[in-house]
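Working notes, beginning with the structure itself.
The values are calculated or read from the model by the stated rules, or taken from the named source; none is laboratory data. From a predicted model like this one, the values you see are computed outputs, not experimental measurements. Don't worry about glycine lacking a Cβ; one is built from the backbone with ideal geometry, like all the others, and counts go over all protein chains shown.
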Amino acid sequence: MNLTYLIIGGIGFLFFAGIRIVRPTHRGLIERLGKYARFANPGFHWIMPVIENLYLVETTEQMVDAEPQEIITNDNLNARVDAQVYFKVKPDELSVKSSIYNVSNYRYQIVNLARTTLRNIIGTMTLKSANSERGRINADLHAILTKETGEWGLEIVRTELKEIDPPKDVQDTMNKVVKAENEKIAAIDYATAAETAADGQKRSEIKKAEGVKQAKILEAEGEAQAIKLVNEAANQYFIGNAQLLKRLETMENSLKNNTKYVVPANAELVNVIGEAAGVLPLNR
C-alpha cells in the first residue's frame, strides 16, 4: 500500500513538475536531451522533467540603446552620438529557432552592430550634414540592420537617432552663428516693414495731394462756369446797357464794402439806392 502511494505521489509530482504555461507574448522551444523537439505556442504544455527543457522567447516589440559614443566626422570633429533600435522576434517557428540557434544574445549583438554601423555612416559625413540629415541616417541604419539580422529571425521595426552633440566649443560657436542669423533675419524683416509703412505713407500723401488738386480743379471749373453763365446772361439781357450793368456792379461792390450814403430827409431810401444804381426812382 505504501509503495502504491509512493508511485502515485511520484507520478503526481512529475506531472505537476512538467507543467509549463506559455503566455501570448512569448513562444517556446522544447528540447529533449539537448536536441530540438517541438515548438510551443501560447497555452498549456507538459514536458518531461529532467529530460526536456522549455526555452521561452519574447515576441513583442523591444528596444535597445546603442549607448552614446564619440564618432569622428568627416570634418575631423568629435560628435557624441546615441541611437535606439526597436525590434521584435517574428512569432513563427523558424524565426524563433533562428533567434536562439543562429545568434548568441541577439540584444547584445544588435547594440554592437548598431554602434559599428553608426560609425561607418556618420564618419563619412560632416557634422553639419549629419545634424541636417537625421532621416537619412535613420534610414541607412535601419536598412543595414535589417540586412545583417536577416538570419536571426528578427524584424527591425525602426531606428531613431537620439542625439548628435558636437564638442562644447563647437556648440557655442554654432549657437552664436544661429543667433547672428536670427538677428539678421529680424533686422531684414524690420527694414521691410518700415519700408512698407513708408511706402504706404507716401501713397497716402499722393492720394491726398491728388484729392486737393482735383478739388481745386473742380472749384476753378465751377467759377469758370459761373462766369460763363453771367457773361451769357449779360449778352442776352443787357445788350446795349453796359453802362447800366457797370453801375449795378459798382453799387453791389459798394454795398459789400459798407459804403455810407447820406439820404435827404424828404427822399425815399429805395429811390436813393435805385438812382445810385441807375434805376428809375419810384413815384410816391
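When region 85-114 is filtered for residues that are aromatic (Phe, Trp, Tyr) and either surrounded by fewer than 18 Cβ atoms within 10 Å (Cβ to Cβ) or free of Cβ contacts under 8 Å to residues at least 12 places away in the same chain (or both), the ones remaining, listed by number, are 86, 101, 108.
Somewhere in region 55-77, is a residue aliphatic (A, V, I, L, M), closer than 30 Å to residue 166 by Cβ and in contact with a Pro (Cβ under 9 Å, 6 or more places away or on another chain)? The answer is yes; a qualifying residue exists.
Among the residues making up region 64-79, those that are surrounded by fewer than 15 Cβ atoms within 10 Å (Cβ to Cβ) and within 15 Å of residue 109 (Cβ to Cβ) are 65, 67.
All conditions but one from (1) touching a helix residue (DSSP H, G or I) at 6+ places or on another chain (Cβ under 7 Å); (2) farther than 30 Å from residue 127 by Cβ apply to residue 38; the one that does not is (1).
Among residues of region 40-52 that are over 21 Å from residue 94 (Cα atoms), those with a beta-carbon under 6 Å from a residue that is small (Gly, Ala, Ser) and outside any loop (DSSP other than H, G, I, E, B) at least six positions away or on a different chain give the pairs 49/17. Taking the condition assigned to a helix (DSSP H, G or I) and either at negative phi or touching a helix residue (DSSP H, G or I) at 6+ places or on another chain (Cβ under 7 Å) (or both), does residue 60 pass? In short, no. If you go through region 123-138 and pick out every residue that is surrounded by 17 or more Cβ atoms within 10 Å (Cβ to Cβ) and closer than 26 Å to residue 151 by Cβ, you end up with 1. Take residue 48 and decide whether it is closer than 18 Å to residue 157 by Cα and hydrophobic (A, V, I, L, M, F, W, C). The answer is no for residue 48. (1) in a strand (DSSP E or B); (2) touching a residue at least 40 places away in the same chain (Cβ under 8 Å); (3) farther than 30 Å from residue 23 by Cα: which one isn't true of residue 70, the others all being true? Unmet for residue 70, out of (1) in a strand (DSSP E or B); (2) touching a residue at least 40 places away in the same chain (Cβ under 8 Å); (3) farther than 30 Å from residue 23 by Cα: (2). Restricting attention to region 54-68 and to residues that are modelled with pLDDT of 90 or more and in contact with a Leu (Cβ under 9 Å, 6 or more places away or on another chain), the residue that is farthest from residue 138 (Cα to Cα) turns out to be 54.
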